[in-house]
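The values are calculated or read from the model by the stated rules, or taken from the named source; none is laboratory data. Keep in mind the model is a prediction, meaning the values are calculated, not measured. Cβ coordinates were reconstructed from backbone atoms using ideal geometry, including for glycine residues, and neighbour counts include every protein chain displayed. All accessible areas refer to the heavy atoms of the entire protein, side chains included, with ligands and DNA or RNA removed. Shrake-Rupley method; radii C 1.70, N 1.55, O 1.52, S 1.80 Å.
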Amino acid sequence: MRLEVVLIIVLMALVTYATRGLPLVIDRFSRLPPRMSRWLGLVAPATLGGLAGTSSLLVQQPEGPSLLVGPSTIGVIAAIVVMYRRRSLPLAIGTAIALTAMLRWFAAIELNGGLQ
Amino acid sequence: MSALVLAGAAQFAAVGLWAQGVSWPAIVGLTALINMRNVIYGVAIAPWLAGFPRIHRAAMAHILADETFALAVVHFRRIGVADAFGYWMTGLTSLVWIVMSAVGHVAGRVVADPAALGLDAVFPAAMACLVVVLADTPASRVASASGAAMATGLGLFLPTGVPVVVAAILAPALGGVLLRQRP
């Protein structure tokens with residue numbers, strides 16, 4: 001492996017660890033005013049909502065990101081319904097995988113002129 | 001790279017930039033920017049982990065990522081206290097990332113299109129399902145819905161990683177203001 005690649009990986013690891021480690025090792029962050037604590041209590045749902053939205057609705061195109069409701073979006077919606085009703089993460093994710101794969105399979109058959 | 005950096009989005013971006021001949025300071029700088037949400041995770045989870053020795057917290061920091069943060073917060077809320085074993089168990093997701101990176105390196109030559117197997121739905125589905133668990137109050141439901149809308153809208157214009165950071169800062173405030181709970 002080239003030395004430059006190793007250097008980049010090490011530097012990436014250092015800056016990434018800094019973003020993770022500093023708030024955890026500096027004690028000041030563990031004693032926060034109540035208003036800040038209430039705000040932080042909402043950070044997790046806001047962040048996870050953001051991650052779910054961007055990863056299920058945005059696709060990277062050569063000309064830039066664009067919105068797309070595709071098979072994986074439908075799979076994610078089905079997972080939310082299953083999670084809401086059954087409270088089972090493995091079942092919900094399994095449903096998302098199966099539905100996404102099935103929709104892509106049907107789409108591929110359609111593109112190839114249907115079942116012969 | 002997966003074991004040392006342990007940050008999927010930044011790793012994908014770095015490989016893409018490296019392939020395009022982008023300089024190393026730019027790659028490292030973008031890595032810091034993409035991973036800036038870890039700061040928010042760290043600040044949010046720090047009060048839970050305050051009882052552990054600093055050296056233990058420093059070790060815990062290495063596995064703090066989207067999945068570990070989400071699972072740890074859900075777990076701590078459910079049992080009402082932070083437990084070290086539970087936190088380290090969330091680190092299994094990091095182990096899976098490292099192992100699967102290696103598997104992908106080998107199997108990638110065999111499987112022509114992993115998306116055809118529906119595997120690209122795993123991450124968004126997992127995040128969305130954890131939102132279902134976490135959004136248990138009106139304020140948290142507003143925060144998660146506005147976070148999703150904000151990050152997705154901004155994602156059309158801003159670089160990878162930045163929209164989620166902006167949403168993570170603004171959406172909780174919106175959730176609090178809308179429901180007259182001061183953020």
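With the requirement that a residue be within 7 Å of chain B (Cβ to nearest Cβ), within 15 Å of the chain's Cα centre (by Cα) and either open to solvent by 50 Å² or more (accessible area, probe 1.4 Å) or touching a residue at least 12 places away in the same chain (Cβ under 8 Å) (or both), what does the range A:38-60 give you?
Scanning the range A:38-60 gives A:Ala52, A:Ser56, A:Leu57.
What number goes with the only condition from (1) more than 28 Å from A:Leu103 (Cβ to Cβ); (2) aliphatic (A, V, I, L, M); (3) assigned to a helix (DSSP H, G or I); (4) open to solvent by 30 Å² or more (accessible area, probe 1.4 Å) that B:Ala116 does not pass?
Status for B:Ala116: all satisfied but (1).
Of the residues in the range B:49-64, how many are touching a Lys or Arg at 6+ places or on another chain (Cβ under 8 Å) and among the hydrophobic types (A, V, I, L, M, F, W, C)?
4
Can you name the condition, by its number, that B:Ala10 falls short on among (1) at pLDDT 85 or above; (2) closer than 11 Å to A:Met12 by Cβ?
The failed condition is (1).
For residues in the range B:122-141 being assigned to a helix (DSSP H, G or I) and more than 7 Å from every other protein chain (Cβ to nearest Cβ), which is nearest to the chain's Cα centre (by Cα)?
Out of the qualifying residues, it is B:Val133.
What is the residue count in the range A:61-72 for residues that are surrounded by 19 or more Cβ atoms within 10 Å (Cβ to Cβ) and more than 8 Å from chain B (Cβ to nearest Cβ)?
Result for the range A:61-72: 0.
Specify which of the listed residues (B:Val122, B:Val132, B:Val106, B:Val73) is among the β-branched types (Val, Ile, Thr) and touching a residue at least 60 places away in the same chain (Cβ under 8 Å).
B:Val73
Only one of these conditions is not met by A:Ile109: (1) of a type in the set (Val, Ile, Thr); (2) in contact with a Leu (Cβ under 9 Å, 6 or more places away or on another chain); (3) surrounded by 16 or more Cβ atoms within 10 Å (Cβ to Cβ); (4) free of Cβ contacts under 8 Å to residues at least 24 places away in the same chain. Which number is it?
Among (1) of a type in the set (Val, Ile, Thr); (2) in contact with a Leu (Cβ under 9 Å, 6 or more places away or on another chain); (3) surrounded by 16 or more Cβ atoms within 10 Å (Cβ to Cβ); (4) free of Cβ contacts under 8 Å to residues at least 24 places away in the same chain, A:Ile109 violates only (3).
Where in the range B:1-113 are the helices (runs of 4 or more DSSP H), entirely inside, with at least 2 residues that are of a type in the set (Val, Ile, Thr) and open to solvent by 40 Å² or more (accessible area, probe 1.4 Å)?
In the range B:1-113, the matching helices (runs of 4 or more DSSP H) lie at B:92-107.
Given (1) surrounded by 22 or more Cβ atoms within 10 Å (Cβ to Cβ); (2) touching a residue at least 40 places away in the same chain (Cβ under 8 Å), where does B:Val162 come up short, assuming only one miss?
Every listed condition holds for B:Val162 apart from (1).
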